[in-house]
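Below you'll find the structure, written out as structure tokens, and then a few comments.
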Amino acid sequence: MLAPCLLFVSCLREPLKPDPAPPQFLFSAGDTIELVSDAPVRAAPNAFATSLGTQLKGAKGRIVSPTGIVDTDGDNTRYWNIDFLSTTPDGWVSGIYLMPSGGSIPTFYVSPTGSTSNDGSSPSQAWPLQHALAGAPDPSTGSPRIHAGDRIYLLDGNYDMIGNTSFEPTSAVNGTSSRRTTFRAAPGAHPVLRLNAADCINANNAATLLHVGPAVAWVTFQDLELVNIATSRSDPDPADISCHDYRRDGIFNEGDHIAFVSLLLHDLGIAVFNGDNADGAEFDGNIVFNNGWQKSDGSTDGHGLYFHSTTGVTARGNVIFNQYGYGIHVYSGTANTLNNVTLSGNVSFNNGSLGPQASSCASNILLGGETSTTGDVVTGNMTYFGAPERSGMCNNVKIGWDAAAINGAVQVSDNYFVGKGTDASPWDLVVFMSHWTSATVTNNTLIGCKPGGSCAGTLVATTHCLTSGPLGTIWSWTGNKQYRDPASYSWNYFVSPACTTYSQQQTFTTWKNGTQLGLSDQTFSAAPTAQQVFSWGSSFDPNRATVVVYNWTGAGDFTVDLTGKLAAGTYRVFNVMNLSAPVGSPVTYGGSGSITLPISLVTPTNPIGSPFDPPFADDINFNVYILRP
């Protein structure tokens, strides 16, 4: 029997209340909108811009701006310039407050015990989930009863995958660029999509709990839990050595403009796989942990977010930790593409730390593979490796691959990367960068030493093998902070265009002079001594915020400014290492300014069925919290 709150959405889900904010719609100039709740109006498309006043729920207006503008410096939502029809002020309003004018969003219901003979109009008339995913065809005409922009509420309970048949939406539920169709938890409900399987069938779509095919577009999945409850964590069959789905994948996305929002993805094989031609996918605010398995040769596999991409994929504000394999794994062999990947504001930590040690090697973030990539952005992300390092934890962050593929352009900015890999060279790096014809690396913080951890190993390694001159002639590397004694031998690089001569480890000055990188970087001989706190809101839900604390002082509390990131209200606080119950008492936030929260340590949640090392103990130096009603 599962322990109470093992299915964690029940613990994170807000209490029953009126309809939550709708999915964010996309509008065109001239469209008429209506406010779903009272909304602040701002002078510019930014949560920190001057407030011009408040428009009340139900106020209507017309879109002035031809396209919305995403507030990348504030709450990450899309703002629209609105001319309100009867009242002032006019100005910019976040899309989380907007819906097309003309009434409420059509809403239908599904449940684990639903019937295809029902009409879906109420909880007592709920449909089965797969029936709704197929558009809920009318039994008389066969025409779908779900249309673009509709909202489908999943009621309480377990939605079990039967055999190898995935939950699979069809094109009948497609939304549009201005009217997304949304499948999400009903208010107060905790729907769980689950399977109970541990075998190898080597067929991605058949092995996947939720498969979104290439004909599906503009659909959002929000506030759901996906889990494999099978207790087997080891594949004993040597014939399965190339198997990539022993514990089955959580999500296999091939659709266009699909959004996966505030999901819990745990104890699966690979939590998420995004295909080459899945145009414009978004992964926003998901919590991804304890995924993966051990292969028959003793190595481990199973990543958090595994991306291919041609025209673009975005991972924003996700929390990814304790995989058997990589946290973020943007990788491909020679047959696939990796272009236009954006990793923004994610926190990835202690990935590769599960499973039998000395068997595999994984990173918190990998961007690069055996095929070239270009147009990539890695910005505002955070990583952490606990101490003492385990052998499965290798290069903390790897931008580029140490193979023959030559990449195009990448931007790496405003990241906070902490902790080196295992002591075994050459896997002891904080940051590895290789094989880019153009790279902008600016305003990052790189920390190789931390309380309780070793300072041996390499802070930065850079390679290129294309230019006969130093890397500084084709890369821009400026304004970074590097925490490692500059006199230590903690930097290395290749010193010949053929990549035949390796510098081994050098001092910061030798690395800087040899590469002509980091000329304006600052170095520090010890770990930081002040707290560093990061926070962000949800692009889809004004009542959710994530806070990351690097508690270098060892203090018992911290202060965080949530202005523009969290609506006024009373919130429960959860430590992501154990989501079975909130920590401490609820807190009240007034909608602006800072609040002080305690550092609350918990016992980490063990992977289902794992016989191997448990997760790292919760760390006074590093914590991640979620605030929900």
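When averaged across all projection directions, what area in nm² does the alpha-carbon convex hull of the chain cover?
Quarter of the Cα hull surface area: 26.9 nm².
In vacuum, with every alpha carbon of the stretch 256-311 counted as one equal point scatterer, what does the Debye formula give for log10 I(q)/I(0) at q = 0.21, 0.23, 0.27, 0.31 Å⁻¹? Two decimals, please.
Taking Cα atoms of the stretch 256-311 as identical point scatterers yields -0.80, -0.89, -1.05, -1.18.
Among A545, L601, L579, whose Cα projects farthest towards the positive end of the dipole of the stretch 478-629, with charges put on the beta-carbon of Lys, Arg (+1) and Asp, Glu (-1)?
The listed residue farthest towards the positive side: A545.
Can you give the direction-averaged projected area of the convex hull of the alpha-carbon atoms in the stretch 281-379, in nm²?
6.1 nm²
Dipole of the stretch 129-181, Cα-centred, from +1 at each Lys and Arg C-beta and -1 at each Asp and Glu C-beta, to the nearest 20 debye?
260 debye
Need one number: nm distance between label points at A617 and A409, each 7 Å from Cα along Cα→Cβ, rounded to one decimal.
Here the modelled spin labels are 4.9 nm apart.
Cα atoms only, the stretch 85-156: Rg and Dmax in Å?
16.2, 49
Could you tell me the center-to-center distance, by alpha carbons, between the stretch 558-617 and the stretch 181-196 in angstrom?
With the stretch 558-617 and the stretch 181-196 each reduced to a Cα centre, they are spaced 22 Å.
Would you mind computing, in nm to one decimal, how far apart the modelled labels at T570 and D402 are, each placed 7 Å from Cα along Cα→Cβ?
Placing both labels 7 Å along Cα→Cβ, they lie 5.5 nm apart.
When the dipole is taken about the Cα centre of the stretch 81-185, and only Lys, Arg (+1) and Asp, Glu (-1) are charged at their Cβ, what size is it in debye, to the nearest 20?
It works out to roughly 60 debye.
Apply 1/(1 + (r/R0)^6) to the Cβ-Cβ distance of S28 and T170, taking R0 = 35 Å, and write down the FRET efficiency to the nearest 0.05.
With a Förster radius of 35 Å, E is 0.85.
At a Cα cut-off below 16 Å, give the aspartates and glutamates reachable from K60, other chains included and same-chain residues fewer than 8 away excluded.
The qualifying aspartates and glutamates are D31, E34, D38, D83, D90.
For the pair D73 and T529, what calculated FRET efficiency results from E = 1/(1 + (r/R0)^6), where r is the Cβ-Cβ distance and R0 = 22 Å, to the nearest 0.05?
So the FRET efficiency works out to roughly 0.20.
For the stretch 564-629, what does the convex hull of the Cα positions come to per residue, in cubic angstrom?
Taking the convex hull of the Cα positions in the stretch 564-629, it is 98 Å³ per residue.
When the convex hull of the C-alpha atoms of the stretch 213-268 is computed, what volume per residue in Å³ does it have?
88 Å³
With only alpha-carbon atoms in the gyration tensor, what are the semi-axes of the equivalent ellipsoid for the stretch 23-142, in Å, largest first?
36, 15, 13
Among the listed pairs K295/K398; K295/K481; K295/K512, give every one whose C-alpha distance is greater than 31 Å.
K295/K481; K295/K512, as the Cα separations exceed 31 Å there.
Looking at the calculated P(r) for the stretch 471-629, what percent of the C-alpha pair distances fall above 22 Å?
The share of Cα pairs beyond 22 Å in the stretch 471-629 comes to 59 percent.
Using every alpha carbon pair in the stretch 282-331, what percent of pairs falls into each 5 Å bin from 0 up to the bin containing the largest distance?
6, 20, 26, 21, 15, 7, 4, 0
For T478, T546, T141, write out the residues from largest to smallest accessible area, computed with a 1.4 angstrom probe and no ligands counted.
From most exposed to least exposed: T141, T478, T546.
So how far, in whole Å, is the C-alpha centre of the stretch 315-385 from the one of the stretch 119-151?
38 Å
At 25 °C and 0.890 mPa s, what whole-number value in µm²/s does Stokes-Einstein give for the translational diffusion of the stretch 203-344, with Rh from the Kirkwood sum over Cα pairs?
165 µm²/s
Can you send over the solvent-accessible area of H257, 1.4 Å probe, protein chains only, in Å² to the nearest 10?
50 Å²
Starting from the Cα-Cα distance between T440 and S65, subtract it from 0.36 nm times their residue separation and give me the gain in nm to one decimal.
131.9 nm
The values are calculated or read from the model by the stated rules, or taken from the named source; none is laboratory data. Every value quoted in this text rests on a predicted model; they were computed, and no experiment measured them. Cβ atoms come from the backbone with ideal geometry, glycine included; neighbour counts cover every protein chain shown. Surface accessibility is based on the protein's heavy atoms, side chains included, excluding ligands, DNA and RNA. Shrake-Rupley method; radii C 1.70, N 1.55, O 1.52, S 1.80 Å.
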